[in-house]
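These notes concern the structure reproduced below.
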Amino acid sequence: MKAIHISKAGGPEVLELREVPNPIPENSQVLIKVKAAGVNRSDVITRSRTNPEGNAFLIPGLEVSGEIVAIGSDVKDKKIGDTVCALIASGGYAEYVVAESSHCLPIPEGINVVDAAGIPETVFTIWFNIFHLAKLKRGEKLLIHGGTSGIGTTGLQIAKALGCEIFTTAGSDDKVAFLNKMQLGKVINYKENAFEDVLKDEKIDVILDMVGGDYTQKNLEILNKKGRLVYINGMKSMTATIDLSTIMSKNLVLTGSFLKPQTEAVKAEIAKEVEKNIWPLFKSKDIYPVIYKTFPLSEAADAHRLMEDGKHIGKILLTMD
Ligand SMILES: NC(=O)c1ccc[n+]([C@@H]2O[C@H](COP(=O)([O-])OP(=O)(O)OC[C@H]3O[C@@H](n4cnc5c(N)ncnc54)[C@H](OP(=O)(O)O)[C@@H]3O)[C@@H](O)[C@H]2O)c1
């Protein structure tokens, strides 16, 4: 099969299209003929930092959509011919990939198969961090930094649909205009206004942050009593100086997670919960994946360049035909 291979740690040019052996599904796995794969910031980080060991090849890609063409001996809940979207550990930039059967979900009603490739990574991340760890409830206030990211466009739509009041930040007028057009809450251009000043009286209940660094204390300052600050990255800086009295005076909770290293059982549990709680929101058209651009697999390097350029809004996908 054709697959994109990280030849060595480096820029987008290290992504090479190669012929590699097809993967074989083990007992609880399925083999998916990939229709499309999502491109995530994590793939860019993996590409820039990870050297494949020895003769091993490393295929990036954490989410796909496509058709199941083979199943392992223990798989009872899926069958050959099912069309699914799936969260995977790696290997999505390829014509075929194996996935745990329990990490595959049906294509949500009303969403086409290609666009569905942009759903699993964001929806699993949002569910686990905002609803499981930070326990956001209907009627509470949520701030998501990076509102036009794949994560932001998904998380804001879900929280709005579930009855929360939403706030977000973005770094250009174009991005602010897009979020306003989608009616995704109060939007702050953080390059023009200090978000902590604009939101100082809002008493935000939950903040999802991917920026880190000096945002941390500012986030703590604008949280409500018993507020929750949840981290999924620290793009500005992974370290921060904070005033512990801010936490103690308001009973705040700091948490966060990486999705990739969670156990198979945890991911299977998230899959069940999102199918129950989030899939109906696709059917009712309250939410949809925001797709910015699709590239053919052979142009994966251009897809990474676009993501690193940072002007995109929503998801970038690779398609196999
Ligand atoms: N922990 C996990 O399991 C997990 C899972 C999925 C994603 N993530 C993280 O979530 C983030 C979004 O992922 P994605 O794939 O959706 O990426 P993406 O579409 O490339 O989005 C990155 C966002 O970060 C914002 N940003 C970058 N630098 C910033 C800064 N210095 N200050 C404020 N905002 C900044 C950008 O918005 P502006 O242009 O408006 O600044 C952009 O919206 C990434 O950091 C990714 O690593 C974590």
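The values are calculated or read from the model by the stated rules, or taken from the named source; none is laboratory data. Everything numeric here is computed off the predicted structure, so don't read it as measured data. Positions of Cβ are generated from backbone atoms using ideal geometry, with glycine treated the same way; all protein chains shown enter the neighbour counts.
What to note about this one:
- Residue ranges of strands (runs of 3 or more DSSP E) in segment 78-131 with at least 1 members of a type in the set (D, E, K, R): 96-100
- Test: residue in segment 24-39 that is part of a loop (DSSP other than H, G, I, E, B) and over 24 Å from D82 (Cα atoms): no
- Criterion: charged (D, E, K, R), closer than 23 Å to F282 by Cβ, surrounded by fewer than 20 Cβ atoms within 10 Å (Cβ to Cβ) and not assigned by TED's automatic domain parsing to the domain that holds G314 - qualifying residue of E202, E165: E165
- Residue count, segment 159-191 (criterion: away from the ligand (no atom under 14 Å from the Cβ) and in contact with a helix residue (DSSP H, G or I) (Cβ under 6 Å, 6 or more places away or on another chain)): 2
- Restricting segment 301-321 to residues that are touching a Leu at 6+ places or on another chain (Cβ under 9 Å) and within 15 Å of the ligand (Cβ to nearest atom) leaves a set whose member that is nearest to S48 (Cα to Cα) is H304.
- Tally, over segment 264-307, of residues that are surrounded by 14 or more Cβ atoms within 10 Å (Cβ to Cβ) and among the charged types (D, E, K, R): 9
- Members of segment 135-151 found to be out of contact with any helix residue (DSSP H, G or I) (no Cβ under 6 Å at 6 or more places or on another chain), near the ligand (Cβ under 10 Å from one of its atoms) and closer than 14 Å to V206 by Cα, listed by number: H145
- For N129, the stated conditions do not hold, so it cannot be described as surrounded by fewer than 21 Cβ atoms within 10 Å (Cβ to Cβ) and on the phi < 0 side of the Ramachandran plot.
- Qualifying residue in segment 244-253 (condition: of a type outside the set (S, T, Y), modelled with pLDDT of 95 or more and within 16 Å of the ligand (Cβ to nearest atom)): no
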